[in-house]
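The values are calculated or read from the model by the stated rules, or taken from the named source; none is laboratory data. The model shown is predicted, which means the values in this text are computed figures rather than measured ones. Here Cβ is always computed from backbone atoms with ideal geometry, including for glycine, and neighbour counts include all displayed protein chains. Side chains are part of the model used for accessible areas, which takes the heavy atoms of the whole protein and leaves out ligands, DNA and RNA. Shrake-Rupley method; radii C 1.70, N 1.55, O 1.52, S 1.80 Å.
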Amino acid sequence: MQPGQAPHGNLHHRLWMYEAMVKSRELESRIKTIYFEGKTPVFNMAKGPIPGEMHLSMGQEPCAVGVCAHLRPTDFVTATHRPHHVAVAKGVDLRKMAAEIFGKKTGLSRGLGGHMHLFDAAVNFSCSGIIGEGIAPAVGAAMAARIQGRDDVAVSFMGEGATNQGQFHEALNLAALWKAPVVFIIEDNAYGISVCKAESTSVASNADRAAAYGIPGVFVPGNDPDAIHAAAGEAIARARAGDGPTLIELETHRLEGHFVGDTVEYRPVEERERLAELDPIQLFRSRLIGDGHEASELDALDAEAVRLADDAISFARNSEYPALEEAFAHVFG
Amino acid sequence: MSSVDVMQETGAKTPAPRQRRLTVARALNEAIHQEMATDSSVVVLGEDVAKIGGVWSTTVGLLDAFGPARVRDTPISESGFIGAAVGMAAVGLRPVVELMFVDFVGVCMNSIYSLAAKQRFFSGGQVTCPMVLMTSVGGGYSDGGQHSQTLYATFGHLPGLKVVVPSNAYDAKGLLASAIRDDDPVVFMFHKGVQGLGWLGTVPRAATHVPEEAYLVPLGKAAVTREGSDVTLVGLGLTVHHAIDAADQLQKEGISCEIIDLRSIAPLDRETIRASVRKTGRLVAVDDDYMSYGIGGEVIASVCEDASITLKATPRRLSFPDIPIPFSPVLEQGVLPNSEKLVALARQAVLEK
Ligand SMILES: Cc1ncc(C[n+]2csc(CCOP(=O)(O)OP(=O)(O)O)c2C)c(N)n1
Ligand SMILES: [Mg+2]
């Protein structure tokens, strides 16, 4: 894909969003299964082909695709500890991403980073395990585009929990002050680990906080790819036109635990039982069919997503681990 | 005799009827329960500490026992809630605050080193900061470089903070009780590798007999975990267990190791280290923090600057190399200190000239 070309190429943006959601889901469902390899009968996070913490984004795919449908590879994106859906939608190399998650030398970062530290410079994507860490760098990258005379934008994804970090407030003020071409996307899945939004945040909607910085604040309910696409399109166009930052809070749903292995007992049972009905991929598929798309057309996209996910996973599995020297080779240039 | 040896002795036999074996996590939890029950000024703050009892199970049951006024889940606002804890401490409360991973200290360092650590000094002794900052440290389970550091020396370096690192459950309970009762800020660093959680591997030896009643283990006093004559191995937290494993191995080769468990790095019990090396003449320090400007260097300096000690071998240190912690399990395991590397260094020290 070339700069300036929409990520969906010739595919209608709704079908592109559908396919990207399925691709992310297929990749993550494989990761989830493999995560338990070597961790039974006794669950030990250190064991198996995918060790460490694993934060899945299942259910939150609409946030990633609705926003990234408007982005080019030269636009800059920062994501969080729950990065896979955004990485897939931003066009991160699927094979290298899977290999990084397995800690292989063919990974994006040769196995040095892992699932919370996916970097793909080719599409200007990165993420971090420290809450709120990506917000200010997005402001900086946005300002760099302006200083360098590019009309690229930056987007910072964060959870609703991150809005209570000091970084969030400092970065929003900077962005507003400098009229930076940046968009702040808050994925409100209602929880930060076990603590629900009502118990952590003084206002019901983070969109209200935009007023404190004199920038537009938008709330998009429903975890709806079309609605997110519309709201993000407006904000990104505004940023590109030089009219400054926008904050968008998206209602979304975390279908899995905080990390794989989380028993989620802190969520009310009724809430957990409702989750299956809230699967945004199923809902979007039904809507597309209702709007006249053929099921076979969507099945073909599903099949392609499955093929790509399988390919990425087998690439990761079959790759070698890095040599020990690799650990010492990237501290300084 | 330290509790670690008590465990070794009792481990093989059926435990005596009054022996209760607790994990470090449960020992820490019991200490907080007991201190909260006897002192109404003790309060607990942190992410996920109330409703689910802490990601590391340190605060299980406290919300039910003491209520939401004294046990609070916080937003992800470390700079704010640690700063707030210093304010609470200034006017009579004893906050126990959990920073989920020590790696997150980057977002709240000011509240710790500029505020908590300097309250007493800047106020000329008028204002104290009886706060405990509990935090998990350590890697070895492939959680990547922002969730696996120990950062011991970062805290040890800052005047005004006491820094405690238990290696086993008995010490953990007594040290935490001492920390809560202490009038100065204590950074209490518990290592994930000895915590005894169901979902993370743990050194079984770290779960020890823990008396039911409250007791204190003094801050700033190292333990002689094992007596020996040929070489002194100095460790803390998880690396005490590397030292025990190494000593067991070396014993088979006829090398007798004395093991020192630092337990606190600030204050550092230099005298216990020196007394041991005065006897053995050889020193190997082992920690899992970054090497440069670190624990090993400080331990070695403590010995070298004492003219009364005659060394029979060059002092050695084993630490994490000066690189961020790699994710890939082969890389991380390859660079972490372990008992084999320690055996090799101790053997070199004994065989030197
Ligand atoms: C500075 C910092 N504090 C705490 C954590 C531990 N932590 C990891 S994820 C998380 C919850 C984040 O909630 P939210 O921002 O809503 O994102 P979500 O997990 O819901 O995607 C917390 C507290 C961290 N990684 N960084
Ligand atoms: Mg959340």
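Counting only protein heavy atoms and a 1.4 Å probe, tell me what percentage of the protein assembly as shown's accessible area is made up of carbon and sulfur.
That share works out to 55 percent.
Using the membrane-span-like helix rule (whole DSSP H runs, Cα extent along the own axis of at least 24 Å, mean Kyte-Doolittle hydropathy at least -0.5), which helices of chain A qualify?
Both cut-offs are met by A:295-318.
Between rounded, prolate and oblate, where does region A:178-319 land on the alpha carbon gyration tensor, with a ≥ b ≥ c its root eigenvalues, rounded for a/c under 1.5, else prolate if a/b exceeds b/c?
On the way: a/c = 1.70, a/b = 1.25, b/c = 1.36.
Verdict is oblate for region A:178-319.
Could you order the peptides B:81-92, A:46-57, A:92-103, B:244-255 from most to least packed, using the average number of other C-beta atoms within 10 Å per residue?
Going from most to least packed, we get A:92-103, A:46-57, B:81-92, B:244-255.
Give the Rg (one decimal place) followed by the Dmax (whole number) of chain B, computed from C-alpha coordinates and expressed in Å.
Cα-based Rg and Dmax for chain B come out at 19.7, 64 Å.
How big is the dipole moment of region B:21-209 about its Cα centre under a simple scheme where the beta carbon of each Lys and Arg is +1, that of each Asp and Glu is -1, and everything else is neutral? Debye, nearest 20, please.
260
Taking the Cβ of residue B:314 as the center, what net charge do the other residues with Cβ under 12 Å away carry, scoring Lys and Arg +1 and Asp and Glu -1?
+4
How much net charge surrounds residue B:107 when only other residues with a Cβ under 9 Å from its Cβ are counted (Lys, Arg +1; Asp, Glu -1)? Walk me through the numbers before you get to the answer.
Values: positive: none; negative: A:133, B:78.
Spelling it out: positives minus negatives among the neighbours equals -2.
Please list, in order along region B:315-320, the HN-Hα scalar couplings obtained from phi with the Karplus expression 6.51 cos²θ - 1.76 cosθ + 1.60 (θ = phi - 60°), rounded to whole Hz, x for Gly and Pro.
With coefficients 6.51, -1.76 and 1.60, one gets x, 10, 9, 10, 9, 6 Hz.
Report, to the nearest 10°, how far helix B:169-181 tilts away from the longest principal axis of the Cα atoms in chain B, using its own Cα long axis and a range of 0 to 90°.
It works out to around 50 degrees.
Nearest 100 Å² is fine: how much accessible area is buried between B and A, summed over both sides, with a 1.4 Å probe?
Summing both sides, the interface buries roughly 3100 Å².
Nearest 5 is fine: what % of DSSP beta bridges in chain A come out antiparallel, could you say?
15
Might you tell me the accessible area per residue for the protein assembly as shown, computed with a 1.4 Å probe and given in Å²?
Accessible surface, normalised per residue, equals 37 Å².
Around residue A:145, with a cut-off of 10 angstrom between Cβ atoms, what is the net charge of the other residues, counting Lys and Arg +1 and Asp and Glu -1?
Here the count lands on 0.
Could you name the aspartates and glutamates whose alpha carbon sits less than 13 Å from that of residue A:104, not counting residues in the same chain fewer than 8 places away?
Cα-Cα hits under 13 Å: A:320, A:326, B:332.
Tell me the Kirkwood hydrodynamic radius of region B:60-108 in angstroms, computed as one over the mean inverse distance between distinct C-alpha pairs.
11.9
Is the protein assembly as shown rounded, prolate or oblate when judged by the Cα gyration tensor, a ≥ b ≥ c being the square roots of its eigenvalues, rounded requiring a/c under 1.5 and prolate requiring a/b larger than b/c?
Working: a/c = 1.96, a/b = 1.67, b/c = 1.17.
Prolate is the answer for the protein assembly as shown, as a/c is 1.5 or above and a/b outweighs b/c.
Give me the extension gain from residue A:304 to residue A:170: residue separation times 0.36 nm, minus the current Cα-Cα distance, reported in nm with one decimal.
Details: separation 134, 0.36 × 134 = 48.24 nm, distance 4.25 nm.
Gain on stretching residue A:304 to residue A:170: 44.0 nm.
Of B:145, B:43, B:76, which is farthest on the positive side of the dipole of region B:21-209, counting Cα position, with +1 on Lys and Arg Cβ, -1 on Asp and Glu Cβ, and the Cα centre as origin?
My answer, from the dipole projection, is B:43.
Amide H to amide H under 5 Å from residue B:338: which residues, 5+ apart in sequence or cross-chain, H placed 1.01 Å off N in plane?
When sequence neighbours closer than 5 places are left aside, there are no close amide H contacts.
Could you list which residues have their amide H under 5 Å from that of residue B:187, counting only those 5 or more apart in sequence or on another chain, with H placed in the peptide plane?
Hits under the 5 Å cutoff: B:133, B:162, B:163, B:164.
Report, to the nearest 10°, how far helix B:24-38 tilts away from the longest principal axis of the Cα atoms in chain B, using its own Cα long axis and a range of 0 to 90°.
Approximately 40 degrees, to the nearest 10.
Give B:118/B:221; A:23/A:179; A:47/B:51; A:47/B:162 a once-over and call out the pairs whose C-alpha atoms are over 30 Å from each other.
As for pairs spanning more than 30 Å Cα to Cα, those are A:23/A:179; A:47/B:162.
Under a point spin-label approximation (7 Å from Cα along Cα-to-Cβ), what is the residue B:256-residue B:69 distance to one decimal in nm?
Here the answer is 5.9 nm between the modelled labels.
Pulled fully out, how much extra length does the chain show between residue A:33 and residue A:12, if you take 0.36 nm times their separation in residues and subtract their Cα-Cα distance?
4.4 nm
Treat every Asp and Glu Cβ in chain A as -1 and every Lys and Arg Cβ as +1, leave all other atoms uncharged, and give the resulting dipole magnitude about the Cα centre to the nearest 20 debye. Numbers along the way, then the final one.
Values: 30 positive and 44 negative charges, 163 e Å.
Computed about the Cα centre, the dipole is about 780 debye.
Starting from the Cα of residue A:150, move 7 Å in the Cα-to-Cβ direction to define the label point; list residues of region A:212-248 whose amide nitrogen is under 14 Å from there.
Once the point is set 7 Å along Cα→Cβ of residue A:150, A:240 turn out to lie under 14 Å by backbone N, inside region A:212-248.
May I ask for the distance between the Cα centers of region B:13-73 and region A:148-184, given as a whole number of Å?
If you average the Cα positions of each part, the centres end up 39 Å apart.
Take residue A:324, project a point 7 Å from its Cα along the Cβ direction, then tell me which residues of region B:309-323 have their backbone nitrogen under 13 Å from it.
Hits in region B:309-323 for residue A:324 at 13 Å: B:321.
For a bin width of 10 Å, list the pair-distance distribution of chain A built from all Cα-Cα distances, rounded to whole %.
Histogramming chain A at 10 Å steps yields 6, 26, 35, 25, 8, 0 percent.
Under a no-solvent Debye model with one identical scatterer per Cα of region B:239-324, what's log10 I(q)/I(0) at q = 0.13, 0.22, 0.25, 0.26 Å⁻¹?
So the normalised log intensities are -0.42, -1.17, -1.40, -1.46.
Counting only residues 5 or more places away or on other chains, whose amide H sits under 5 Å from the amide H of residue B:101 once H atoms are built in the peptide plane?
B:136
On a 0 to 90° scale, report how tilted helix B:3-12 is relative to the longest principal axis of chain B, with both axes built from alpha carbons and the result rounded to the nearest 10.
The angle comes out at about 70 degrees.
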